[in-house]
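Accompanying notes for the structure given below.
We did not get these values from a lab; they are worked out from the coordinates using the rules stated. All values reported here derive from a predicted model rather than from experimental measurement. Quick reminder, even Gly has a Cβ in these numbers, built from the backbone with ideal geometry, and neighbours come from all protein chains shown.
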Amino acid sequence: MSGTIVNKVESSGIITLDLSDYAPKKNIEELDLRQFLFQGLVLKEKQFRADIKDHNFDKYKNKTVALYCSSDVIIPMWAYMLITVELDSVCSKLYFGRVLEVTQQIIVENIRSIKEDKYSEKRVIVKGCSNIPLNESLYIEITKKLLKSVRSLMFGEACSAVPVYKINAK
């Protein structure tokens, strides 16, 4: 025995892909439309327009904004359009939903922007554990993205990967 420890995973050429690496790097600010509703329950157009006009949107300058309404009420589509007019000139990106939903949307966008040739003919493991919540749609997106380019696709960790796809030997 030589006593040298060899990292078999590193020497195998397997690439580990962590979906949390595709999460937004900056914090996402939430904007709840409830604050613009009369008693948090009703949208009165005249008051809504006035409240939006008086609202200080500087908090959202150059930020990613998650726009939603926490009240279980019907919000007309034009209300979202009006608030978008105000936010568009201030924020860097605007999405509908809460922070968690918007984070997932951004991860999907980032997955879709991956250059497939980076993983061409490679053996890839998509990590199963993450420091942020990841939903099923992200695993579907990464599978769709890599399926046509990788030699093999696995899920989990190198020590206990679940085979998902392997190119047939010709």
As I understand it, the value is the acute angle between the Cα axis of helix 136-146 and the longest principal axis of the Cα atoms of the chain; what does it come to in degrees, rounded to 10? 50 degrees
The chain: angle of helix 99-112 to the longest principal axis, Cα-based, in degrees nearest 10: 50 degrees
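In whole percent, what relative contact order does the chain give with Cα contacts below 8 Å and a gap of six or more residues? Write out the running numbers ahead of the final one.
Values: 237 pairs, mean separation 42.6, N = 170.
Reported as a whole number, the value is 25 percent.
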What dipole magnitude, in Debye to the nearest 20, does the chain give about its Cα centre under +1 on Lys/Arg Cβ and -1 on Asp/Glu Cβ? 620 debye
Project the alpha carbons of the chain onto their principal axes and report the range along each, largest first, in whole Å. 79, 38, 28
What does the convex hull of the Cα atoms of the range 108-170 come to per residue, in Å³, rounded to a whole number? 92 Å³
In cubic angstrom, how much convex hull volume per residue do the alpha carbon atoms of the range 28-99 span? 77 Å³
So in the chain, what percent of DSSP beta bridges are antiparallel if you round to the nearest 5? 25 percent
22 Å Cα-Cα threshold exceeded, pairs from 61/115; 118/148; 127/148; 93/122; 115/148: 61/115; 93/122
Mind checking the angle between helix 77-88 and the chain's longest principal axis? C-alpha axes, 0 to 90 degrees, to the nearest 10. 70 degrees
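What is the order of 61, 25, fewest Cβ neighbours within 10 Å to most? Mind showing how you got there, number by number?
Numbers: 61 11, 25 7.
If I rank by nearby Cβ atoms, fewest first, I get 25, 61.
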